[in-house]
Amino acid sequence: MLQQAALDTLANLCCGRTRQIIGRASSVVRMSNDKTLTFTPMEQEALNFHSKGKPGKIEVHSSKPTNTEKALSLAYSPGVAAPCKAIARDPSKVYDYTARGNLVAVISNGTAVLGLGNIGPLASKPVMEGKGILFKQFAGIDVFDIELNTFDVDSTVAAVRALEPTFGGINLEDIKAPECFEIEEQLKKIMKIPVFHDDQHGTAIVSGAALINACHVTNRRIEDIRMVVNGAGASAVACSNIFINLGVRRENLIMCDTQGVIYKGRKEGMNKYKEKFAVETEARSLTQALVGADVFVGLSAAGAVTGEMIKPMAKNPILFAMANPDPEITPDQARAARPDSIVATGRSDFPNQVNNVLGFPSIFRGALDTRATQINEEMKLAAVHALARLAREDVPDKVSASYDGQSFRYGPEYLIPKPFDPRVLLWVAPAVAKAAMDSGVAQKKIENFDAYRDSLESFQGPSKVFIRSAIHKVLAQTTQEGVLPKIVFPEGTSNKILKAVSVLIEERICQPILLGPPERIREKIKLLDLQNMKDVQIILPAASPQLKSYCDELYRRRSRKGVHMAEAERLIVDSNYFAAMMLEMDDADGLINGASQNYGDAVRPILQLIGTGKEGVASGMNLVLLEDRFLLLTDTTVNINPTAEQLATIALQAARVAEYFGQAPRIAMLSYSNFTDQKGTPAKMRAAAQLVKQKRPDFSVDGDIQADTAVNVDLINRIFPFCELKDSANILVFPNLEASNIAYKLLQQLGKGEVIGPFLLGVRKAANVLQRTTTVDAIVNSVVLTTLEAQYLKERRKRRS
């Protein structure tokens, strides 16, 4: 997976935002034809990025294992004949047996590459490869980029049409006007899969969302605004069409090109597409057209508008200066002339970036998932309204973190979501899919949109799917019990905790209880603008009515362990001890701690006041979520050098977690050796395996075994056929804390999977300790699983009583 900085560069380049790679020249490269080109430092870095390792940015991976002769015989001859025959009999089976339903062609002839012009098909290939990466990264869609050496309408249409059996959709890219209009129109008539010219419609959809919200924040009605569009190319025409569909009156929209206003009766430089926007007006220049206008939409050239030209515009002028690579007027220039102006550009270094990546990945996702025969106006408008609505929602901390901690809030400088907002897919794709169904172009219906939204989260990583599944379990149990579990947070003044609690309240996961000074917590809630936390329960331990009873109970439990009454009185006003006692006295159902303190300080009160279950062993466990399975790693936090007996208990604790999530436990007792008679660590792990087997003979468990062997079933079957593990292990038990802690933290930083946790096992009640490096998302995940644990323990106590 590419790092975000690289993706941000790709998003800007592929959507025409080339300004970011321009700077002072510093290097000269000699080409094979003896010509030389001068590159800026950033451009040289981009060249290195593209040439390092494998040239380019993409490669093809098999979605099925093909590392055995049997697998190859199924993937190709002779096994491949079976799906071929099935598809020949029923063409719809192509979606069951091939990747067509998730495959889009990005097609260009390179005649209008944004910011670069007519560079031809070969030179456009880096942009098209980048476009494919954005499809994959933002919506999980596979792409083949196709650069066509065709420049007239008929040959381009013929070439694209011939590709229909291969793809589920066609994304036309960087084809010059007016040919792009004709090509798309003809292809939409003759093809039964979506055809979408992103340069036209992508910009239109995103700017349409910005227009809705710009009118909202300035108290305008779209049907009343006067608009001037500067530019008459593909993007300008598409934007104007969508603005009219949103309610702008055609007679209130003046379009300008290089020759001035497009007015009724003009003959010079006209075509049938411009003719549609000719209006009755006395204005003949852009300057004249802007007088009294509410909105300026620029899809033209840098510097086309000056401060003097916008001064006569209406109050709170809305300026969408979207020329590439530099806008018609910069936000600074606009505000110098009109401090009340609201400005959007195509640049990521200014607020309100109109970036097509907010549109095309999610739009195609919704179209592909319904097998839509086209992307029609209803689907485009659904995307517009979904983006506009999303911008008005509170922005998660994860989005702010992607932008160096910037805070975003709906208003003049935040009209549309940010490109790296993961919610865009979850809002836009369902809206597009529903519009496809409602408008009759969907060949496949989505029966359950809640389940569909959950499935979309899988494109954002396995943890999203796992946590969403856990959330459903929590909500189902909450519905059955009729009450939200109470989770106490000792670190009530932590910004990360407060932001996480806001998410938890929104999702109705739990009833949070914050510990700490109420005034300070309320002040932080106000500063963080967490509007849904006005009624959250806050307790100052020192002022709690339960303080004396808690203190007496702490003294009773710890008096023979060196804690005098004065010490008990000192400890109980500490939020860590107060929270642990709340949980122990059933005034809370779960506890989360550790976001702002070291692990030892956070876990000590839990172990001292709540203690372990009858097994007498507490342990730490991490979940590693892979694309097709999950692993449990233990003990990762508590026992420095556990005995064989302790390891067996720890393994059984982890096994209960696996069973709860519907997985048959397959336990590997890890060592540096495979099935030896060595003493020391191997002997300890063999003994631990035998102890587990004695207690649970139905479990699959073995050791001593090396980690690579334990997770590779082919290796087990080929070299160690006697191994008790007949499938890859899903519970990895480490011999000591050093090995486990190092392993899970390396996986967290370097592995392809996602690591969640750690979680405390073996404790009598649901209490967990976070890492100090935790994020808001990680806190939410931990609380969800802690709440689930609390519900499970409560239900188990009921059954036993």
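Got a number for residues in the stretch 226-279 being of a type in the set (S, T, Y) and part of a helix (DSSP H, G or I)?
Residues flagged as of a type in the set (S, T, Y) and part of a helix (DSSP H, G or I) within the stretch 226-279 amount to 3.
Does A372 satisfy the condition of being touching a residue at least 24 places away in the same chain (Cβ under 8 Å), surrounded by fewer than 21 Cβ atoms within 10 Å (Cβ to Cβ) and over 29 Å from G298 (Cβ atoms)?
no
Every residue in the stretch 477-511 that is within 21 Å of M581 (Cβ to Cβ) and of a type in the set (S, T, Y), please.
T493, S494
Does R796 meet the test of being in a loop (DSSP other than H, G, I, E, B) and within 26 Å of A602 (Cβ to Cβ)?
Criteria not met by R796.
Given (1) surrounded by fewer than 23 Cβ atoms within 10 Å (Cβ to Cβ); (2) closer than 28 Å to F167 by Cβ, where does G359 come up short, assuming only one miss?
Unmet for G359, out of (1) surrounded by fewer than 23 Cβ atoms within 10 Å (Cβ to Cβ); (2) closer than 28 Å to F167 by Cβ: (1).
Can you pull out every residue in the stretch 229-266 that is free of Cβ contacts under 8 Å to residues at least 24 places away in the same chain and either buried (at least 24 other Cβ atoms within 10 Å of the Cβ) or of a type in the set (A, V, I, L, M, F, W, C) (or both)?
If the condition is that a residue be free of Cβ contacts under 8 Å to residues at least 24 places away in the same chain and either buried (at least 24 other Cβ atoms within 10 Å of the Cβ) or of a type in the set (A, V, I, L, M, F, W, C) (or both), then I244 is the only one that fits.
So E164 ticks every box in (1) over 24 Å from the mean Cα position of the chain (by Cα); (2) outside any loop (DSSP other than H, G, I, E, B); (3) not small (G, A, S) but one. Which box is left unticked?
Single failed check for E164: (2).
Taking E447 and the conditions (1) surrounded by fewer than 16 Cβ atoms within 10 Å (Cβ to Cβ); (2) over 16 Å from L788 (Cβ atoms); (3) charged (D, E, K, R); (4) modelled with pLDDT under 90, which numbered condition does it fall short on, given that it satisfies the others?
E447 satisfies all of (1) surrounded by fewer than 16 Cβ atoms within 10 Å (Cβ to Cβ); (2) over 16 Å from L788 (Cβ atoms); (3) charged (D, E, K, R); (4) modelled with pLDDT under 90 except (4).
Across the stretch 295-352, what is the total count of residues that are farther than 22 Å from P419 by Cβ and either open to solvent by less than 40 Å² (accessible area, probe 1.4 Å) or part of a helix (DSSP H, G or I) (or both)?
Within the stretch 295-352, residues that are farther than 22 Å from P419 by Cβ and either open to solvent by less than 40 Å² (accessible area, probe 1.4 Å) or part of a helix (DSSP H, G or I) (or both) number 20.
Which of the residues belonging to the stretch 528-538 are touching a helix residue (DSSP H, G or I) at 6+ places or on another chain (Cβ under 8 Å) and either among the acidic types (D, E) or touching a residue at least 12 places away in the same chain (Cβ under 8 Å) (or both)?
L528, L530, N532, M533, V536, I538, listed by residue number.
Among the residues of the stretch 134-158, what is the count of those that are hydrophobic (A, V, I, L, M, F, W, C) and either within 20 Å of L103 (Cβ to Cβ) or in contact (Cβ under 8 Å) with a residue 60 or more places away in the chain (or both)?
The qualifying residues number 9.
Got at least one residue in the stretch 771-786 being over 14 Å from V624 (Cβ atoms), in contact with a Lys or Arg (Cβ under 8 Å, 6 or more places away or on another chain), surrounded by fewer than 24 Cβ atoms within 10 Å (Cβ to Cβ) and not polar (S, T, N, Q)?
Yes, that holds for at least one residue.
Can you tell me which of (1) under 26 Å from the mean Cα position of the chain (by Cα); (2) in a helix (DSSP H, G or I) is the one F196 doesn't meet?
(2)
Collect the residues in the stretch 375-394 that are open to solvent by less than 30 Å² (accessible area, probe 1.4 Å) and among the aliphatic types (A, V, I, L, M), keeping them in residue-number order.
Across the stretch 375-394, the qualifying residues are I375, M379, A382, A383, V384, A386, L387, A388, L390, A391.
Of all residues in the stretch 631-680 being open to solvent by 40 Å² or more (accessible area, probe 1.4 Å) and closer than 18 Å to A767 by Cα, which is farthest from the chain's Cα centre (by Cα)?
By that ranking, first place goes to V638.
Please go through the stretch 743-764 and give me each residue that is farther than 16 Å from V638 by Cα and open to solvent by less than 20 Å² (accessible area, probe 1.4 Å), ordered by number.
G753, I756
What's the number of the condition K131 fails, among (1) closer than 30 Å to R453 by Cβ; (2) of a type in the set (D, E, K, R); (3) open to solvent by 10 Å² or more (accessible area, probe 1.4 Å); (4) in contact (Cβ under 8 Å) with a residue 60 or more places away in the chain?
Going through (1) closer than 30 Å to R453 by Cβ; (2) of a type in the set (D, E, K, R); (3) open to solvent by 10 Å² or more (accessible area, probe 1.4 Å); (4) in contact (Cβ under 8 Å) with a residue 60 or more places away in the chain one by one, K131 breaks only (3).
List every residue pair whose Cβ atoms lie under 7 Å apart, where the two residues are 6 or more positions apart in sequence or sit on different chains, the first residue falls within the stretch 728-756 and is under 24 Å from D714 (Cα atoms), and the second residue, located anywhere, is open to solvent by 40 Å² or more (accessible area, probe 1.4 Å) and of a type in the set (A, V, I, L, M, F, W, C).
S728/V711; A729/V711; L732/A707; G753/L626; G753/L747
Listed residues L609, L632; which is closer than 30 Å to E491 by Cβ, hydrophobic (A, V, I, L, M, F, W, C) and in a helix (DSSP H, G or I)?
When all the criteria are applied, what remains is L609.
Does Y599 satisfy being surrounded by fewer than 19 Cβ atoms within 10 Å (Cβ to Cβ) and among the aromatic types (F, W, Y)?
Yes: the conditions hold for Y599.
Which of the residues belonging to the stretch 496-527 are open to solvent by 50 Å² or more (accessible area, probe 1.4 Å), in contact (Cβ under 8 Å) with a residue 12 or more places away in the chain and among the aliphatic types (A, V, I, L, M)?
Across the stretch 496-527, the qualifying residue is only V503.
Between E615, E584, which is within 30 Å of F466 (Cα to Cα), more than 37 Å from the chain's Cα centre (by Cα) and open to solvent by less than 50 Å² (accessible area, probe 1.4 Å)?
E584
Would it be correct to say that S463 is out of contact with any strand residue (DSSP E or B) (no Cβ under 6 Å at 6 or more places or on another chain) and among the polar types (S, T, N, Q)?
No; evaluated as a whole, the condition is false for this residue.
Please verify whether A278 is without any contact (Cβ under 8 Å) to a residue 24 or more places away in the chain and either touching a helix residue (DSSP H, G or I) at 6+ places or on another chain (Cβ under 6 Å) or under 24 Å from D224 (Cβ atoms) (or both), treating the condition exactly as stated.
It is true that A278 is without any contact (Cβ under 8 Å) to a residue 24 or more places away in the chain and either touching a helix residue (DSSP H, G or I) at 6+ places or on another chain (Cβ under 6 Å) or under 24 Å from D224 (Cβ atoms) (or both).
For the stretch 691-716, enumerate the residues that are open to solvent by less than 50 Å² (accessible area, probe 1.4 Å), touching a Leu at 6+ places or on another chain (Cβ under 7 Å) and more than 23 Å from D677 (Cβ to Cβ).
Hits for the stretch 691-716: nothing passes.
The rows are residues; the columns are (1) surrounded by 16 or more Cβ atoms within 10 Å (Cβ to Cβ); (2) of a type in the set (S, T, N, Q).
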position: E45; (1), (2): no, no
position: G53; (1), (2): no, no
position: V104; (1), (2): yes, no
position: S108; (1), (2): yes, yes
position: S124; (1), (2): yes, yes
position: I141; (1), (2): yes, no
position: F144; (1), (2): yes, no
position: E147; (1), (2): yes, no
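Going by the structure shown, is K136 among the basic types (K, R), open to solvent by less than 10 Å² (accessible area, probe 1.4 Å) and either closer than 24 Å to L415 by Cβ or within 31 Å of the chain's Cα centre (by Cα) (or both)?
no
Go through (1) of a type outside the set (D, E, K, R); (2) modelled with pLDDT of 90 or more; (3) under 28 Å from I592 (Cβ atoms); (4) open to solvent by 30 Å² or more (accessible area, probe 1.4 Å) and name the single condition S740 misses.
It is condition (4) that S740 fails.
The values are calculated or read from the model by the stated rules, or taken from the named source; none is laboratory data. Predicted model, so just to flag it, every value in this text is computed and none were measured. Quick reminder, even Gly has a Cβ in these numbers, built from the backbone with ideal geometry, and neighbours come from all protein chains shown. These accessible areas exclude ligands, DNA and RNA; they are computed on the full protein's heavy atoms, side chains included. Shrake-Rupley method; radii C 1.70, N 1.55, O 1.52, S 1.80 Å.
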